[in-house]
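The values are calculated or read from the model by the stated rules, or taken from the named source; none is laboratory data. The shown structure was predicted, so the numbers you read here are calculated from the model rather than taken from an experiment. Every residue, glycine among them, receives a Cβ derived from its backbone with ideal geometry; neighbour counts consider all protein chains shown.
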Amino acid sequence: MASEVKRTRRNRIRLSSKNQITIPVSVLREMGVRPGDELEIVPKGREATIRPAGSPPWTKHIGSLTGVWPPGHLDALRDEWDRSQPVADLDRTA
């Protein structure tokens, strides 16, 4: 009987007055998530699925253009940009 109560409690959570939930540690372990991990919630009608958030799709392209421009080219572009932009006058009224 005690195991039935634990099993029932394990699968039920309560929504707080601040619209927060606490996911049981056993569920988090089974999902393979740890404190600080991002989760996403996918609503579907009156139900929702909570799952670990995947990486944004663009992250697979990071570093894919290495070697396209010569070393130092980006620094030169940044210097050019800095020189062409006037310093904002914060005291000036519009």
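Annotations for the structure displayed:
- Residues satisfying the stated conditions in region 2-33, i.e. among the charged types (D, E, K, R) and at pLDDT 90 or above: ARG14, LYS18, ARG29, GLU30
- Considering residues of region 65-94 that are among the charged types (D, E, K, R) and at pLDDT below 85 only, the residue surrounded by the most Cβ atoms within 10 Å (Cβ to Cβ): ASP82
- If you go through region 33-85 and keep only what is of a type outside the set (A, V, I, L, M, F, W, C), part of a loop (DSSP other than H, G, I, E, B) and within 26 Å of LEU15 (Cβ to Cβ), you end up with ARG34, PRO35, GLY36, ASP37, GLU38, GLY45, ARG46, GLY54.
- Residues in region 19-32 that are part of a helix (DSSP H, G or I) and in contact (Cβ under 8 Å) with a residue 12 or more places away in the chain: SER26, VAL27, MET31.
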